[in-house]
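Please read the structure below before turning to the comments.
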Amino acid sequence: MNASAVLAPRRALVTGASGGIGSAIARTLAARGCHVLLHANRRAEVVQALADEIAQAGGSAEPLVFDLTDHAACEQALGRALQTGPVQVLVHNAGVHDDAVLAGMRPRQWQHVIDVNLNGFFNVTQPLMLPMLRTRWGRVIAITSVAGQAGNRGQVNYAAAKSALHGAVKALALECASRGVTANAVAPGIIATAMSAGAFDEAAIKRLVPMQRAGQPREVADLVAFLASEQAGYISGQVIGINGALYT
């Protein structure tokens, strides 16, 4: 894998760019030559600061704030973005979890997790597909989770949404294969972010992960950058784990 491969100047959208993994992906894609659209739902100041940081490092980025659970809002925001050209790299990274055992899960917990993780993928991907297909080159990458591969207690909603994305990219890969567009999923395990810090202490990580450490956001970002590169043009319909051998 040549993780340092330079991407041709292309426009990329990273959803959930305000988080630890999303911001790492955005920085890496920008460093590889993409103009990056930095999506956030509410934290406009965070993605604006990230855009400024990328620009100071010699890259190109701009914030794009909308609610990806609102299909009309997605169409409007992405319609404006498409006026300046197609988006050829889409990284659907935005995600939430709201944990409870299924017997005690409230309908709102189920629906919100499905809306952000799964319906959000449709809402951002569908408007971008035809312009991407017309260029005969594209990369769709869904950031999922080891929970979507192996399940996890208290996360039936989250595991359902993430495993559904695995099916979605496999089907999309078949639809787009003849047009030079690939679709893949990246399924991280325990990654050192603010979200995971409250769930796993160092002792738990050493007990659970064979490599005895959490992964780093930049490691996920390097994998995504490779899948977004020319070198990954024959990889499609795959779910690629990055988990320190937590699940094999």
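A few remarks follow.
- Cα-centre dipole for the chain with unit charges at Cβ (Lys and Arg positive, Asp and Glu negative), debye to 20: 420
- For the chain, calculated [θ]222 nm from helices alone, where every DSSP H run of n ≥ 4 adds -39500 (n - 2.57): -13000 deg cm²/dmol
- Listed residues Ile54, Ile190, Ile235, most fluctuating in the chain (Gaussian network, C-alpha, under 10 Å): Ile235
- Principal-axis analysis of the Cα atoms of the chain puts helix 71-82 at an angle of about 40° to the longest axis.
- Going from the fewest other Cβ atoms within 10 Å to the most, the residues Val239, Val124 appear in the order Val239, Val124.
- Of Leu208, Gln238, Pro131, farthest towards positive along the dipole that unit charges on Lys, Arg, Asp, Glu beta carbons give the stretch 11-240: Gln238
- Gaussian network model of the chain, springs between alpha carbon atoms under 10 Å - residue of Val91, Val169, Val156 with greatest fluctuation: Val156
- A rounded overall shape is assigned to the chain, the ratio a/c of its alpha-carbon gyration tensor axes (a ≥ b ≥ c) being less than 1.5.
- Once the Cα-Cα distance is subtracted from the 0.36 nm per residue extended length, the Ala199 to Glu62 segment shows a gain of 46.1 nm.
- For the stretch 139-157 versus the stretch 27-45, the spacing of their alpha-carbon centroids is 23 Å.
Where a number appears in this text, it was derived from the coordinates with a stated rule and is not lab data. Just so it is clear, the structure is predicted and the values come from calculations on it, not from any experiment. A quick note on method: Cβ atoms are made from the backbone with ideal geometry, for glycine too, and the neighbour counts reach across all protein chains shown.
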